[in-house]
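The values are calculated or read from the model by the stated rules, or taken from the named source; none is laboratory data. Keep in mind it's a predicted model, so treat the numbers as computed, not measured. Counting neighbours? That spans all protein chains shown, and the Cβs are built from the backbone with ideal geometry, glycine included. Just so you know, the surface numbers come from the protein's heavy atoms only, side chains and all, with ligands and any DNA or RNA stripped out. Shrake-Rupley method; radii C 1.70, N 1.55, O 1.52, S 1.80 Å.
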Amino acid sequence: MAGASPVLEDGSALSRLDRGLLRIERAMALLAGLAIFSLMLLAVRSVGGRATLNAPLMGYVDFIEQLMPLIAILAVSFAQRDGTHIRMDLLVENLRGRALWLFELISVLLILVLIVFLIWGSWAHFQRSFDFDAPWWSRDSTTDVAMPIWPAKLLVPVAFSVLALRLAIQIYGFGRALVLGLESPVAVPMVVDTASQAAAEARVLQEEEEERERANGAD
């Protein structure tokens, strides 16, 4: 499992596209985090209501069904940008130069092909659920409280489309690095070896500890 990799930036058009898409990805990741927090509150309400009032939250399972696409899909492009998805670190960290960029380019191209098929399939799945002439524009609904399901289904192709844009940026970035023989290309996650990653995490922990000590001293 790879940790977060640095993504270099400069004033180029590619880097500006990267940062612009990053703002969208951060907003989507925030929504995913809020969905997780909401699910926790719903669980407390359901369990607490059952224990104290013998009245669990009606439609709790339905809410879980609606929130799961937000939790599982919405932040996937944000993770791809930082290189935090599962990858073969033992192989990648031993590659250098054009060999590394070629490996990364092929990997991202294969991911994009898969995502294009997933966008097509998930959009067709959404269309089967959506109908302007049906109540709540929905041909299907959840079991307990009859919530329309099409909004959750729509999130999947939307999130995958953002991921496709991220992959397109990375394909251009890796391809440019491969052709020009760049050592530090922008808009793509750089490979960080285990020792460097551990050192960076240690620096973060040390800075947090120093910040706590300063806060305690001020008190």
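Give me Rg/Rg_expected for the chain, where Rg uses Cα atoms only and Rg_expected = 2.2 N^0.38 Å with N residues.
Relative to the rule-of-thumb radius for its length, the chain sits at 1.29.
Among 142, 52, what's the order by accessible area (1.4 angstrom probe), most exposed first?
Ranking 142, 52 by accessible area, largest first, yields 52, 142.
How much accessible surface area, in Å² rounded to 10, belongs to the heavy atoms of residue 36 with a 1.4 Å probe?
We get 90 Å² for residue 36.
Heads up, I need the accessible area for residue 144: 1.4 angstrom probe, whole protein in place, Å², nearest 10.
90 Å²
With 10 Å bins from zero, work out the P(r) of segment 32-149 over every alpha carbon pair and list the percent per bin.
With 10 Å bins starting at 0, P(r) equals 11, 26, 26, 20, 12, 5, 0.
Which sequence of 145, 188, 156 reflects their accessible areas, 1.4 Å probe, from the largest down?
Result of the area sort, largest leading: 145, 156, 188.
Per residue, how large is the accessible surface of the chain? Use a 1.4 angstrom probe and give square angstrom.
Result: 61 Å² of accessible area for each residue.
Mind checking the full-extension length gain between residue 94 and residue 58? Use 0.36 nm per residue of separation minus the Cα-Cα distance, one decimal, nm.
Full-extension gain reported as 7.6 nm.
Can you give me the Kirkwood hydrodynamic radius for segment 12-97, using every pair of distinct Cα atoms, in Å to one decimal?
15.8 Å
Once you list every other residue whose beta carbon is under 15 Å from the beta carbon of residue 56, what net charge do they have if Lys and Arg are +1 and Asp and Glu are -1?
Combined, the nearby Lys, Arg, Asp and Glu give 0.
Hydropathy first: keep DSSP H helices in the chain averaging at least 1.0 on Kyte-Doolittle, then drop any whose Cα extent along the axis falls short of 15 Å, and list what survives.
Correct list, ordered by number: 60-73, 97-129, 150-180.
Starting from 0 in steps of 10 Å, tell me what percent of the Cα-Cα pairs of segment 97-188 lands in each bin.
With a bin width of 10 Å, the distribution comes to 17, 32, 21, 15, 11, 4.
Around residue 72, what is the net charge, scoring Lys/Arg as +1 and Asp/Glu as -1 over all other residues with Cβ under 14 Å from its Cβ?
Net charge around residue 72: 0.
What distance in nm separates the two pseudo spin-label positions at residue 133 and residue 168, each 7 Å out from Cα along the beta-carbon direction?
The two pseudo-label positions are separated by 3.5 nm.
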